[in-house]
Structures are given as structure tokens and as C-alpha cells.
There are 2 protein chains.
Amino acid sequence: MSKGKVTHYTNIEAVEFGPTAPGAKIRVLIDDEHDGAPVYKLRMIEIDPGGHSPDHSHPYEHENFVVEGKGQVMIEGVWHDLKVGDVVLVPPGTRHQYRNAGDTTFKFLCGIPVDKYMQKEK
Amino acid sequence: MSKGKVTHYTNIEAVEFGPTAPGAKIRVLIDDEHDGAPVYKLRMIEIDPGGHSPDHSHPYEHENFVVEGKGQVMIEGVWHDLKVGDVVLVPPGTRHQYRNAGDTTFKFLCGIPVDKYMQKEK
């Protein structure tokens, strides 16, 4: 059963991604496991200046909204500049990477399907 | 087939809700019909000072992130103050309403499932 939730995103723990994404942290704002979200997980990604996510691909999409800072997203080899208020759809199965392009933390929302609706590797 | 997308949210048309939500507009940032979003529609709701959404309920959830201004959300009769950076999960089947509580436009992201994953009225 889904429970309601009202909180500030900074009240949710920021966890380091690890060596494949230097300078990057993630906060899981809403998910299925803890919150009973039916179809979608909402996460905040925070990348320090000089940091980036891995150049990778997976069978599920990303839906992004830029909240703070300046960055770039690469989709299928093409880099796009990102500023606050930009919206990004990275389609399933598409090569992509994010990086900070400024001197403050680059923060963006990143939604993905919950596990039961996630397209799996073939 | 899902297409990629990178744009600023203000490049997407804001449409008035109509008489049940005075002062409220919606921009559909990412959806299934136009963008091929697999599971989730991302919308921006913008409510003018004094405006509000209807007091209503539906069998699908809302996932919100507050982007600008001050507002309030009612969930099952309880009002919660909202500021920039607040995260809200309104569970499926829950009575809810949003209203502007400041003197500037109150803007928040509002995600819902695409039609094929939307719980229908019983």
C-alpha cells in the first residue's frame, strides 16, 4: 500500500555513486520499496564540479528536470548544454552520460521506472 | 518508439485547466503520445496567487517536486506547507488539492503514469 509523503529533498540521504561516477551522489526521493510508488522512482542526482556519470546504456528511460547549476548530457554521442528548468528524455537503450559544466553543484531530477515496469536487458 | 528530448520547460505550451482549477495552467513536459515515454508523464503545474486545483481523488498517484513559489497541498483533509525543493507523494485513491500560498506563481512538477499503467476507476 502506498503511503503519502511530504518532505524536503535535503532530508533524504545522499549516497555516493562510487568510482564509475566520480563526484556524483544520489538521493532516492520516492520509490516503490519505501514509499509504495506504483510505477515511478524519483531520484535527485547531484554532481560536483568536475564530476560525471558513466558513459553507459540500459533498457529503461530517464526523465530529467534540472534544478541547480550547469551541466551537459550526452545522448548517442551528442552533447547538449543544460541549465535550470531544462527537461530531458533519455530513451530506453540509448547511450548517455551527464557531467557538471559549471563551478557549483549540478543537480537534476532523474526518474526511472520501478523494478516491475523496468525493461530488462535482453 | 521513444524519441529523445532536450528543451526548456517554458518552450512547452502552458494550457489553462479551466473552471475547476482557477488560476492553474499545465505544461506536459514528457508524455507517451508525443515523446514515447514508456511509463511516466512529467507535467509542470503553475498556479497563480489565489489559485488552486480541485479537491478531488483518482485511482493513480502524483509525484511532485516544488520548483518555484510557496503553496500548500491537502492530502486526506490535512494541509501541508510547501516550499521550493519539497517532494510530495500523493498515493492513489487519496483526496488531494493544491493551492498557492504566496504572492508569486507556485510551480511544481507533477508526474502521473501513462495511460497504459494508470489505475482506472473501479
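Evaluate the stretch B:67-76: report whether one residue or more is among the acidic types (Asp, Glu) and either crowded, with 19+ Cβ neighbours inside 10 Å or under 20 Å from B:ASP32 (Cβ atoms) (or both). No; the residues of the stretch B:67-76 include none that is among the acidic types (Asp, Glu) and either crowded, with 19+ Cβ neighbours inside 10 Å or under 20 Å from B:ASP32 (Cβ atoms) (or both). Residues that are open to solvent by 10 Å² or more (accessible area, probe 1.4 Å), more than 9 Å from every other protein chain (Cβ to nearest Cβ), at positive phi and not β-branched (Val, Ile, Thr): does the stretch A:83-97 have at least one? No, every residue in the stretch A:83-97 fails to be open to solvent by 10 Å² or more (accessible area, probe 1.4 Å), more than 9 Å from every other protein chain (Cβ to nearest Cβ), at positive phi and not β-branched (Val, Ile, Thr).
Restricting attention to the stretch A:18-49, the residues being within 14 Å of chain B (Cβ to nearest Cβ) and not β-branched (Val, Ile, Thr) number 16. Filtered by the rule that a residue be surrounded by 18 or more Cβ atoms within 10 Å (Cβ to Cβ) and hydroxyl-bearing (Ser, Thr, Tyr), the stretch B:6-48 gives B:TYR9, B:TYR40. Against the test of being of a type in the set (Lys, Arg) and within 19 Å of B:THR20 (Cα to Cα), the options B:LYS83, B:LYS70, B:LYS107, B:LYS116 yield a single qualifying residue, B:LYS107.
The values are calculated or read from the model by the stated rules, or taken from the named source; none is laboratory data. Computed from a predicted structure; not experimentally measured. Neighbour counts run over all protein chains shown; Cβ positions are idealised from the backbone, glycine included. Accessible surface areas use protein heavy atoms only, side chains included; no ligands, DNA or RNA. Shrake-Rupley method; radii C 1.70, N 1.55, O 1.52, S 1.80 Å.
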